[in-house]
Structure formats: structure tokens, C-alpha cells
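The values are calculated or read from the model by the stated rules, or taken from the named source; none is laboratory data. This structure is a prediction, so every number in the text was calculated from the model and none was measured. In this analysis, Cβ positions are derived from the backbone assuming ideal geometry, glycine residues included, and neighbour counts consider all displayed protein chains. When the accessible area is computed, the model is the full protein with side chains, heavy atoms only, and any ligands, DNA or RNA have been set aside. Shrake-Rupley method; radii C 1.70, N 1.55, O 1.52, S 1.80 Å.
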Amino acid sequence: LFERNGFVTKLDYYVYEQVFKFLDYRIKQGKEIVPISMNMSRCHNKPEQFVEEFLEIFHKYSVPPEYIQVEILETSKGSNETLIEIAELLHKEGFSVAMDDFGSGESSLNMLSKVPIDVLKFDRDFLQSSTNESGQIDSKAAGFIEILIELSKQLNKETVFEGVETQEQRDFLKNIQCDQAQGFFYSRPLIQEDFIKFMEMHI
């Protein structure tokens, strides 16, 4: 609904400010912090306007840009040129850029070589559709996933697989040298208080 009526872009900026505010508070309290990834909805199609408004919020707080990663979508309503411009503008300010849900749309290897992203986040369907009821990964699918990891490394992209729910999936990704894994195996979504407890237990 928010994508249809355009409200999702306002929601984006609200979320960004909450993240900046959270990190700023933790820094001023001398607390440990970790990098946080934030999604950019597919409705942003004016790169300069998006980055200008993003920076206007960011500069209200004292957060090093290396703690912020912006996740763009390959299925964005904008063109590849729009994604390229957004990524380049964010890079100039020191932010990391990831391609979220890669493989869920009409993925283009040509796009990967052109859009200057730092991280490829593979859609959870890669793992879910490749894992049987006993938790084992199909051998053919495993070979395909390993090729994707190798290709990403050839393109100098870090790799993240979403949808990790079992130790078998985690171990498989670790064995093929995927850089990071994300999913319910580690944690379900958490409210802020529980996230702080989780973070303090693991860093």
C-alpha cells in the first residue's frame, strides 16, 4: 500500500533517522556499536534528491559513515543508471552500498559489472528452494550457489546469503567461503531493547 501511494519514501527517511539516532546515542554513551544496513525502497528515482535528503538527516548526528550500509534493490523502479548514480553519490560520502534480494528479479550479470555496489545479498529463495525437508541442500543447487559465490569474488563483491535457518545451511555457506549469513538461525527480528541485549552478548 505504501509503495502504491508513495508514502514508503517518507517511511524510509523515518527509519534512517531512528538508526542514526540510535547509533549516535550509543556512541555518546561509550557503548559498542555495529554497522547497520538500511533498505532503500524501490520508489526513489531521483538520485540527487534522495542523497540530499538522506544526508540532511545523517548530518544531524555524529555517526561515522562506515557504520551505515544502504541496501538498494535490483527491481528498483529507476533504471540501472539511477542505481549507479545513487551508489556513486553514497560512496562519495563514505557509505557502503549493498544490492538486496539479488536473484529475486530479472538479474543481469551485466548490471553487476556496472552498478558499483560493495555487497551482494542473495535472496532467501536460493537456500529455501534448495533445501529438502531433512535440511540437506540439493547437490546441483549447491554447485550453482558455489558458482555464484565465486563469481561475486571475481567481481570484488562481498557476499551475504539471506534466509539461513539451519546449521546445515550455515555450515555449507561457510565451507564455500560466503562472507556473511543472515537469517532466523541467528535471530528473528528484535525490538530495540532485545537487539541491544543480543548485541552486547555477541560483541
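A few notes on this one:
Yes/no matrix, rows are residues, columns are (1) closer than 24 Å to residue 202 by Cα; (2) charged (D, E, K, R):
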site	(1), (2)
9	no, no
17	no, yes
20	yes, no
26	yes, yes
37	yes, no
45	no, no
48	no, yes
52	no, yes
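- Of the residues making up the stretch 3-19, those that are surrounded by 13 or more Cβ atoms within 10 Å (Cβ to Cβ), in contact with a Cys (Cβ under 9 Å, 6 or more places away or on another chain) and either among the aliphatic types (A, V, I, L, M) or over 21 Å from residue 85 (Cα atoms) (or both) are 3, 8.
- Taken over the stretch 20-70, the criterion of being of a type outside the set (Val, Ile, Thr), open to solvent by less than 20 Å² (accessible area, probe 1.4 Å) and either modelled with pLDDT of 95 or more or part of a loop (DSSP other than H, G, I, E, B) (or both) is satisfied by 20, 23, 24, 26, 38, 40, 41, 44, 54, 58.
- Among residues that are modelled with pLDDT of 90 or more and either exposed (fewer than 13 other Cβ atoms within 10 Å of the Cβ) or not charged (D, E, K, R) (or both), residue 182 is included.
- Among the residues of the stretch 136-178, those identified as among the acidic types (Asp, Glu), crowded, with 16+ Cβ neighbours inside 10 Å and not in a helix (DSSP H, G or I) are 158, 162, 165.
- Being touching a Leu at 6+ places or on another chain (Cβ under 8 Å) and modelled with pLDDT of 90 or more is a description that does not apply to residue 95.
- Selection of the stretch 71-92 for residues being modelled with pLDDT under 80 and either part of a strand (DSSP E or B) or among the β-branched types (Val, Ile, Thr) (or both) yields only 75.
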